[in-house]
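Take a look at the structure below.
The values are calculated or read from the model by the stated rules, or taken from the named source; none is laboratory data. Quick caveat, the model's predicted, so the values are computed rather than measured. Heads up, the Cβs are rebuilt from the backbone with ideal geometry, glycines too, and the neighbour counts pull from every protein chain shown.
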Amino acid sequence: MEKEIIIEQLKEIIKPYVQEKEAFEALTEHTDFINDLKINSANLVDVILDIEEKYDIVIDNESMERMLNVKAAIEIISTKLADKI
Amino acid sequence: MNKRVVITGLGIVAPNGVGLEAFTHAIKNGISGIKHDPELERLQFSCQISGKPEISNELSLRYFSELELRNFNSSGILYGVIAGIDAWKDAGLPVENNQDPDWDSGTIFGTGTSGIDKFRESIYKIDDFQTRRLGSTAVAQTMNSGVSAYLGGKLGLGNQVTTNSSACTTGTESILMAYERIKQGKAKRILAGSTSDSGPYIWGGFDAMRVCTFKHNTTPEEGSRPMSASASGFVPGSGAGALLIEDLETALARGAKIYAEILGGNVNSGGQRGLGTMTAPNPIAVQKCIVNAIADAGIKPEAIDVINGHLTATSKDSLEIQNWSEALQRNGLDFPYINSLKSMVGHCLSAAGSIESVASVLQLYHGFIFPNINCEDLHPEIKAVVDENKIPQKVINQDIDIVAKASFGFGDVNGCLIFKKFKN
């Protein structure tokens, strides 16, 4: 799946959890979920559950630990999607 | 020096009224909040009626963000937060997003269980090997202190933030604990109250004990019959009541409206000794609790104008009346007026004490005595102790000075509060 498409879909998923609207509007690959978007760290598990549901993938604990920014999220989603095929 | 303690805000989420205006109207007019409960019928409960507050999604969104309401399934926290925030705002206090917490304000908000529906949902997921899918709020919704934790965060409270639990005495106890903390000067204001979850998973155990009525499944509004000869068990209810308890000086300094003064109170236990058991009160302890509350308040028994009883509509109502009469040494026409809110809302369990205290305080502030419904056939054992005129079946509009409120709970625990019309 195209990176740009994943970014757009990711934005939809994280939108309800974001507390920093400006950083959200200017979101890029380098945006950090906690530092830039001020997502409550406890909510990260909810974001991951929503991603799992959206793509019908399972994100293991190790991947979850790494998934702190948009770049890592795209990477993990792409890998898991590729594994599915 | 001990501080004087007053009530400056009220919030209510009751089966017969959400919000002070609706609730005041309902209790003055004897409006029942008991309805047929399709879920209890589907689950083949003996008792298929209940008292549940009606909360629309629109109303919830005035107290919780959309994010907070995602996967939210805790009726007790929902009711408690609505009542608590309402009491805070009713007291004229601001909800601010300050950097520092409000060190002088806390909450003591009780409950029996928390988020029992969320708990059930979680258990099903865990047993289905889906623990990782519980989400981030399963703990906050099911920890007993969930309600005080939610309130503490929304209001930025920096004093004590805790949840007490003593069965059906919970709400009365939370008010007394708040009173004592403020009297000792350890806080300027405490949001006191209690809440109870709704639904079959909280009420099932009582249904199994056959303590709920099964005779009114087609006549729900007549189901809750405290003090009646035909009382046949309590009707399960739920909701929340909240009272902003404040140091008098602080209240006066900020020009707050004062609903009533708390003169004192008492909590004790019958120790499940003598006639007391897990489920039955030890009458000696009940009387001692009332006597001690009166002494703590520094009043004479004859100063009490109105009693708001526990009076659940079980066979224990006559015993309760006997206990009041012994403790106050008053009977017949000399007995105070007495009423039971449960005739209109059912037994709201851990929320009962606070919901009924809100009703008690409204009586003092507005000058009325709310009616008892469904006791046109007073129990003969009660009539033998109290003159019928003292058990009003229509609202009485008159100024009253002192209300005694008591609650009794499983575990043989008792609580009694003395409220007084405020005069400076």
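If only one of B:Ile202, B:Ile245 is closer than 25 Å to B:Lys186 by Cα, assigned by TED's automatic domain parsing to the domain that holds B:Val147 and either modelled with pLDDT under 95 or not in a loop (DSSP other than H, G, I, E, B) (or both), which one is it?
B:Ile245
Give the number of residues within the stretch B:299-351 that are of a type in the set (Lys, Arg) and modelled with pLDDT under 95.
1
Does B:Trp88 meet the test of being buried (at least 18 other Cβ atoms within 10 Å of the Cβ) and aromatic (Phe, Trp, Tyr)?
Yes.
For the stretch A:7-19: of the residues being within 22 Å of B:Glu68 (Cβ to Cβ) and surrounded by fewer than 14 Cβ atoms within 10 Å (Cβ to Cβ), which is farthest from the other protein chains (Cβ to nearest Cβ)?
A:Glu12
Residues being surrounded by fewer than 24 Cβ atoms within 10 Å (Cβ to Cβ) and out of contact with any Pro (no Cβ under 9 Å at 6 or more places or on another chain): count how many of those fall in the stretch B:337-359.
0
Quick check on my filter: what residues within the stretch B:105-139 are out of contact with any Ser or Thr (no Cβ under 8 Å at 6 or more places or on another chain), among the acidic types (Asp, Glu) and touching a residue at least 40 places away in the same chain (Cβ under 8 Å)?
Listed by number, the list holds a single entry, B:Glu121.
Here is a check on your reading of the model: is B:Lys257 in contact with a strand residue (DSSP E or B) (Cβ under 9 Å, 6 or more places away or on another chain) and surrounded by fewer than 19 Cβ atoms within 10 Å (Cβ to Cβ)?
The answer is yes for B:Lys257.
Have a look at B:Asn29, B:Asn2 and point out the one that is modelled with pLDDT under 95 and among the polar types (S, T, N, Q).
So the residue among B:Asn29, B:Asn2 that is modelled with pLDDT under 95 and among the polar types (S, T, N, Q) is B:Asn2.
Does the stretch B:336-358 contain any residue that is in contact with a Ser or Thr (Cβ under 6 Å, 6 or more places away or on another chain) and farther than 20 Å from B:Gly17 by Cβ?
No, the stretch B:336-358 contains no residue that is in contact with a Ser or Thr (Cβ under 6 Å, 6 or more places away or on another chain) and farther than 20 Å from B:Gly17 by Cβ.
Please identify the pairs in which a residue from the stretch A:27-47 that is closer than 11 Å to B:Ser136 by Cβ and within 14 Å of another protein chain (Cβ to nearest Cβ) has its Cβ atom under 7 Å from the Cβ atom of a residue that is among the hydroxyl-bearing types (Ser, Thr, Tyr) and assigned to a loop (DSSP other than H, G, I, E, B), counting only partners at least 6 apart or on another chain.
From the stretch A:27-47, the pairs are A:Ala42/B:Ser136; A:Asn43/B:Ser136; A:Val45/B:Ser136; A:Asp46/B:Ser136.
Can you give me the number of residues within the stretch A:48-70 that are touching a residue at least 40 places away in the same chain (Cβ under 8 Å) and surrounded by fewer than 16 Cβ atoms within 10 Å (Cβ to Cβ)?
Residues in the stretch A:48-70 being touching a residue at least 40 places away in the same chain (Cβ under 8 Å) and surrounded by fewer than 16 Cβ atoms within 10 Å (Cβ to Cβ): 1 in total.
Can you tell me which residue among B:Pro301, B:Pro283 is without any contact (Cβ under 8 Å) to a residue 60 or more places away in the chain, surrounded by 18 or more Cβ atoms within 10 Å (Cβ to Cβ) and not assigned by TED's automatic domain parsing to the domain that holds B:Cys212?
On the way: B:Pro301 fails: surrounded by 18 or more Cβ atoms within 10 Å (Cβ to Cβ).
Only one candidate passes the filter, namely B:Pro283.
Out of B:Leu78, B:Leu40, B:Leu59, B:Leu67, report the one residue that is assigned to a helix (DSSP H, G or I) and within 14 Å of chain A (Cβ to nearest Cβ).
Being assigned to a helix (DSSP H, G or I) and within 14 Å of chain A (Cβ to nearest Cβ) holds for just one of B:Leu78, B:Leu40, B:Leu59, B:Leu67, which is B:Leu67.
Considering only residues of the stretch B:18-31 that are in contact with a Gly (Cβ under 8 Å, 6 or more places away or on another chain), surrounded by fewer than 24 Cβ atoms within 10 Å (Cβ to Cβ) and touching a residue at least 24 places away in the same chain (Cβ under 8 Å), which is nearest to B:Gly255 (Cα to Cα)?
So the residue we want is B:Leu20.
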